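Below is one structure, written out as structure tokens; comments come after it.
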Amino acid sequence: MGLATFKGGVHPYEGKELSESKPVQELMPQGELVFPLSQHIGAPANPLVKKGDQVLAGQIIAEAGGFISANVVCSVSGTVKAVEPRRVANGAMVNSIVVENDGEYRTVEGVGEDRDYTTLSKEEIRKIVKDAGIVGLGGAGFPTHVKLTPKDDAKIDYVIVNGAECEPYLTSDYRLMIEEPEKLVGGLKVILQLFENAKGVIGIENNKPEAIKKLTELVKDEPKISVCPLLTKYPQGGERSLIYAVTGRKVNSSMLPADAGCIVDNVDTVISIYNAVCKSTPLMRKIITVTGDAISQPQNFRVKLGTNYEELIEAAGGFKTEPEKVINGGPMMGQAMFDFHVPVMKNSSALTCMSKDEVAANEPTPCIRCGRCVDVCPSNIVPVLMMRAAMNNDAESFEKLNGMECVECGSCAFICPAKRPLTQAFKEMRKVVAANRRKK
Amino acid sequence: MNNMLHVSSSPHVRDKVTTKNLMFDVVIALIPATAWGVYQFGFYALAVVIATVAACVASEYVWEKGMHKPITIADGSAVVTGMILALNMPPEIPIWMPMLGGVFAIIVVKQLFGGLGQNFMNPALAARCFLLISFAGSMNNFTSAKLGFDSVSGATPLAAMRAGSPVDLAAMVVGRIPGTIGEVSVIALLIGGLYMIIRKVISPRIPLIYIGTVAVFVFVFGGFDLTYTVNQICAGGLIFGAFFMATDYVTSPITKKGQVVFGILLGLLTGIFRLWGGSPEGVSYAIILSNLCMPMIEKLTLPKAFGKEGKKA
């Protein structure tokens, strides 16, 4: 029987061998930590502290600034140095709370205490998740308490844990799955308590046999939980691809997974839910893979949120060769960085340091209409024609060609033999179309 | 050091396959048919191939130089056009004719419409049809001194079938028949086609549907004669056209459904031209006419976006 998967997709060089065998190491921060108020999709959080305030680890230092927003929790104890705009990994300046670490890691009372989730009501669980500042940690950063509050709990019949980790080079989810599988299953059980009709499925690409084995063994006596091995193919971990692979249901751009009866959460998100609900520990850390052929010792770190990226590079032994490109995230969807003096945020996942930039090495040439982009598109749309519309700045045609169904996965630009920057053009057009829609 | 970092939009990696690789693979795939043509018709055939390729590459270079455009001859597309055009020539054609055709293909059909990727017809085939109309005598003269084919024995199998004469299937499969330099050996062409399919340069969709449609058409309208049908498939330029010209990226639909429609259209047109047309040949005209329908076919066969039928709850 073929493994569960989706139509289309590509097979970029995986690069996971660099760091997949490296256990997660704790990295202690030095100096100041920076907590941007916008580390999630939605409204920025409102700061609750001001310059000079003493703060503790686990303290909510900014609260959700709207329904779709998330709290920010301090990861160390110390003094607030400033509330000011700071640069973040995507290059933008974001209002941030800067905390000078006193190195004592004193916590708010009660952090780390065991809690029996089975005695909690749904509302209590959702409140804990909200207070903990948990957002989708796979990269999108959608506030998790919102995701866990669909219109009708009873209509949710699948809770899918996204353990695909299809992005090349990234190994943080893999390490979590083999190092903390009990917490993953524990977190999934907490979510299942919210959705009485749902079964839990952990989807894992088959390039991670160790994780599949461990979790399958662990859930063999759990009637409502199963492990679904997935074909290794990018973007298998894309939400729509994953839902299709596991359930056969199709979700389009106007729908939420909940519209198809699904809740999808990343491995680290589920573990963070476990930590928050069962261990009274809000979201204060992130697992970051520091990797690529330009870094001396590729490895996985457990990092306090707010830690500077420069410390990550230093902890990985610095660069062994001058990098040409450094990516916040993986090579398919990550952002190229120009400044490492930025903090680790909730949506950080990796720092990929490449000695060669394949984009610059491949000058775009004219489209020969080979149709490879059409074959690989997971959204089953026609990149070659969308590109023509984009080049003409023709938002109307772009929309008619279902350009808004594009998930910006990058498969078309990856496969293009003419090396055309398809995904880049689509990102820009999608912004134009979205802006036009708002005007109406 | 920061000013040395590259910044660009994702994705940051690229597949190894390039336009140049693809064109090179097509050239490799054409080698068996070319080699057979040279073996069978003699070194003059090789001279025709070399001269045509040279004319194509040179005219692309001169045009781009003159128009102050980037020089693109290194992408190999002009080489492919030249080879396909040359392989469509009778073995003893005056050498200036395919060279003129090459200039026509590159400048009129390709560059005037915007260069690589913009031509509305397959350049090699458009040039062949241009030569067929302009120099009907030379273009339909399949005599070959080396093989002792004269104007009578030099009738192509298609012409012979039209006249009701018997044809030798085995000779067609191997390629011991009169015809253009590259179209005669079914085996050599299939080796090239298979190479392109294995290397994922082309999908077998268009060739198989095209050949299949021709088979059904001539079987039904040719008197339900299986031998005649098989002979029709192996004769003329069908195999060559189906694998090497109908699959031209630029002039065939990119949508899967569109490729099916395109293949059927090609098959029907070829069948009509071959059975009832003025000339026993039909492949070249069928392909360039279908090329013209490509944008329409594509527009009508756009795929349904993933999840488009889904509804918000």
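The values are calculated or read from the model by the stated rules, or taken from the named source; none is laboratory data. Keep in mind that this is a model prediction, so the values were computed, not measured. Reconstructed Cβ throughout: ideal geometry from the backbone, glycine too, with neighbour counts over all protein chains shown. Heads up: the accessible areas ignore ligands, DNA and RNA and are worked out on the full protein's heavy atoms, side chains in. Shrake-Rupley method; radii C 1.70, N 1.55, O 1.52, S 1.80 Å.
Give the residues of the stretch B:299-313 that are open to solvent by 10 Å² or more (accessible area, probe 1.4 Å) and either at pLDDT 95 or above or not aromatic (Phe, Trp, Tyr) (or both), sorted by residue number.
Step one: list which residues in the stretch B:299-313 are open to solvent by 10 Å² or more (accessible area, probe 1.4 Å), which gives B:299-304, B:306, B:308-313.
Selection gives B:299, B:300, B:301, B:302, B:303, B:304, B:308, B:309, B:310, B:311, B:312, B:313.
Going through B:203, B:153 one at a time, which residue ends up being polar (S, T, N, Q), in a loop (DSSP other than H, G, I, E, B), at pLDDT below 90 and out of contact with any strand residue (DSSP E or B) (no Cβ under 7 Å at 6 or more places or on another chain)?
Details: B:203 fails: at pLDDT below 90.
It is B:153.
Per the listing A:422, A:401, the residue uniquely under 20 Å from residue B:19 (Cα atoms) and surrounded by 16 or more Cβ atoms within 10 Å (Cβ to Cβ) is A:422.
With a cut-off of at least 2 residues that are crowded, with 20+ Cβ neighbours inside 10 Å, name the strands (runs of 3 or more DSSP E) lying wholly within the stretch A:1-98.
On the way: elements: A:25-27, A:32-36, A:60-63, A:78-87.
Those strands (runs of 3 or more DSSP E) span A:32-36, A:60-63, A:78-87.
Checked against (1) farther than 19 Å from residue B:283 by Cβ; (2) open to solvent by 50 Å² or more (accessible area, probe 1.4 Å); (3) within 15 Å of the chain's Cα centre (by Cα), residue B:120 passes all but condition (1).
Would you check if there is a residue in the stretch B:172-188 being assigned to a helix (DSSP H, G or I), within 15 Å of residue B:32 (Cβ to Cβ) and small (Gly, Ala, Ser)? Scanning the stretch B:172-188 turns up at least one residue that is assigned to a helix (DSSP H, G or I), within 15 Å of residue B:32 (Cβ to Cβ) and small (Gly, Ala, Ser).
Against the list (1) open to solvent by less than 20 Å² (accessible area, probe 1.4 Å); (2) facing chain B (nearest Cβ under 7 Å), the condition residue A:324 fails is (1). The single condition among (1) touching a residue at least 40 places away in the same chain (Cβ under 8 Å); (2) of a type outside the set (Ser, Thr, Tyr); (3) crowded, with 20+ Cβ neighbours inside 10 Å that residue A:260 does not meet is (1).
Filtering the stretch A:235-266 to residues that are in contact with a Gly (Cβ under 6 Å, 6 or more places away or on another chain), of a type outside the set (A, V, I, L, M) and more than 8 Å from every other protein chain (Cβ to nearest Cβ) leaves only A:266.
Suppose we keep only residues that are outside any loop (DSSP other than H, G, I, E, B) and touching a helix residue (DSSP H, G or I) at 6+ places or on another chain (Cβ under 7 Å) within the stretch A:220-246. Which one would you say is farthest from residue A:113 (Cα to Cα)?
Quick first cut of the stretch A:220-246, residues outside any loop (DSSP other than H, G, I, E, B) only: A:225-230, A:234, A:239-246.
With touching a helix residue (DSSP H, G or I) at 6+ places or on another chain (Cβ under 7 Å) added as a condition, the list becomes A:225, A:227-230, A:234, A:239, A:243.
Working: A:225: 26, A:227: 30, A:228: 33, A:229: 34, A:230: 36, A:234: 39, A:239: 33, A:243: 35 Å.
Once the filter is applied, the top-ranked residue is A:234.
Within the set B:17, B:13, the sole residue that is within 11 Å of chain A (Cβ to nearest Cβ), crowded, with 22+ Cβ neighbours inside 10 Å and hydrophobic (A, V, I, L, M, F, W, C) turns out to be B:13. Is at least one residue of the stretch A:269-284 farther than 22 Å from residue A:205 by Cα, surrounded by fewer than 20 Cβ atoms within 10 Å (Cβ to Cβ) and touching a residue at least 60 places away in the same chain (Cβ under 8 Å)? Among the residues of the stretch A:269-284, at least one is farther than 22 Å from residue A:205 by Cα, surrounded by fewer than 20 Cβ atoms within 10 Å (Cβ to Cβ) and touching a residue at least 60 places away in the same chain (Cβ under 8 Å), which makes the answer yes.
Any residue that is of a type outside the set (A, V, I, L, M), under 30 Å from residue A:132 (Cβ atoms) and away from every other protein chain (no Cβ under 14 Å) - is there at least one of those in the stretch A:332-345? Checked against the condition, which is being of a type outside the set (A, V, I, L, M), under 30 Å from residue A:132 (Cβ atoms) and away from every other protein chain (no Cβ under 14 Å), the stretch A:332-345 yields at least one hit.
Taken together, B:30, B:46, B:22 contain a single residue that is under 17 Å from the mean Cα position of the chain (by Cα), on the phi < 0 side of the Ramachandran plot and more than 9 Å from chain A (Cβ to nearest Cβ), which is B:30. Residues in the stretch B:110-148 that are within 28 Å of residue B:295 (Cα to Cα) and either of a type in the set (Phe, Trp, Tyr) or in contact with a Lys or Arg (Cβ under 8 Å, 6 or more places away or on another chain) (or both): B:113, B:115, B:116, B:117, B:118, B:119, B:120, B:123, B:130. Checking each residue in the stretch A:102-135 for being closer than 21 Å to residue A:185 by Cβ, in contact (Cβ under 8 Å) with a residue 40 or more places away in the chain and either in contact with an Asp or Glu (Cβ under 7 Å, 6 or more places away or on another chain) or in a helix (DSSP H, G or I) (or both) picks out A:117, A:118, A:122, A:125, A:126, A:128, A:129. Quick check on the stretch A:185-201. Is at least one of its residues in a loop (DSSP other than H, G, I, E, B), farther than 24 Å from residue A:114 by Cβ and in contact with a Leu (Cβ under 8 Å, 6 or more places away or on another chain)? Checking the stretch A:185-201: at least one residue is in a loop (DSSP other than H, G, I, E, B), farther than 24 Å from residue A:114 by Cβ and in contact with a Leu (Cβ under 8 Å, 6 or more places away or on another chain).
Can you say whether residue A:431 is surrounded by fewer than 24 Cβ atoms within 10 Å (Cβ to Cβ) and either under 14 Å from residue A:363 (Cα atoms) or more than 9 Å from every other protein chain (Cβ to nearest Cβ) (or both), as far as the supplied structure shows? So residue A:431 fits the description; yes.
Checking every residue in the stretch A:297-311 against the condition of being open to solvent by 10 Å² or more (accessible area, probe 1.4 Å), in contact with a Gly (Cβ under 8 Å, 6 or more places away or on another chain) and on the phi > 0 side of the Ramachandran plot gives zero matches.
Select from the stretch A:327-357 the residues that are charged (D, E, K, R) and surrounded by fewer than 23 Cβ atoms within 10 Å (Cβ to Cβ) and list them in ascending order. Before you say what the answer is, go through the steps one by one.
Initial filter on the stretch A:327-357 (charged (D, E, K, R)): A:339, A:346, A:356-357.
Answer for the stretch A:327-357, where residues must be charged (D, E, K, R) and surrounded by fewer than 23 Cβ atoms within 10 Å (Cβ to Cβ): A:339, A:356, A:357.
Hey, which of the helices (runs of 4 or more DSSP H) in the stretch A:357-400, taking only ones fully inside, have at least 3 residues that are modelled with pLDDT under 95 and facing another protein chain (nearest Cβ under 7 Å)? Give the steps one after another, and end with the answer.
Numbers: elements: A:358-361, A:372-376, A:383-391, A:395-400.
Because the criterion is at least 3 residues that are modelled with pLDDT under 95 and facing another protein chain (nearest Cβ under 7 Å), the helices (runs of 4 or more DSSP H) in the stretch A:357-400 that meet it are A:358-361.
Each row is one residue, and each column tells you yes or no for (1) under 25 Å from residue A:418 (Cα atoms); (2) of a type in the set (Ser, Thr, Tyr).
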{"position": "B:58", "(1), (2)": "yes, no"}
{"position": "B:78", "(1), (2)": "yes, no"}
{"position": "B:96", "(1), (2)": "no, no"}
{"position": "B:111", "(1), (2)": "yes, no"}
{"position": "B:118", "(1), (2)": "yes, no"}
{"position": "B:123", "(1), (2)": "yes, no"}
{"position": "B:131", "(1), (2)": "no, no"}
{"position": "B:134", "(1), (2)": "no, yes"}
{"position": "B:137", "(1), (2)": "no, no"}
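Here the condition is being open to solvent by less than 10 Å² (accessible area, probe 1.4 Å) and more than 24 Å from residue A:376 (Cα to Cα); of B:251, B:227, B:270, it holds for B:270 alone. Does the stretch B:49-67 include one or more residues that are open to solvent by less than 60 Å² (accessible area, probe 1.4 Å) and either in contact with a strand residue (DSSP E or B) (Cβ under 6 Å, 6 or more places away or on another chain) or within 11 Å of chain A (Cβ to nearest Cβ) (or both)? Looking through the stretch B:49-67, none of the residues is open to solvent by less than 60 Å² (accessible area, probe 1.4 Å) and either in contact with a strand residue (DSSP E or B) (Cβ under 6 Å, 6 or more places away or on another chain) or within 11 Å of chain A (Cβ to nearest Cβ) (or both).
Looking at (1) closer than 30 Å to residue A:28 by Cβ; (2) touching a residue at least 60 places away in the same chain (Cβ under 8 Å); (3) open to solvent by 10 Å² or more (accessible area, probe 1.4 Å), find the lone condition where residue A:157 falls short. Going through (1) closer than 30 Å to residue A:28 by Cβ; (2) touching a residue at least 60 places away in the same chain (Cβ under 8 Å); (3) open to solvent by 10 Å² or more (accessible area, probe 1.4 Å) one by one, residue A:157 breaks only (1).
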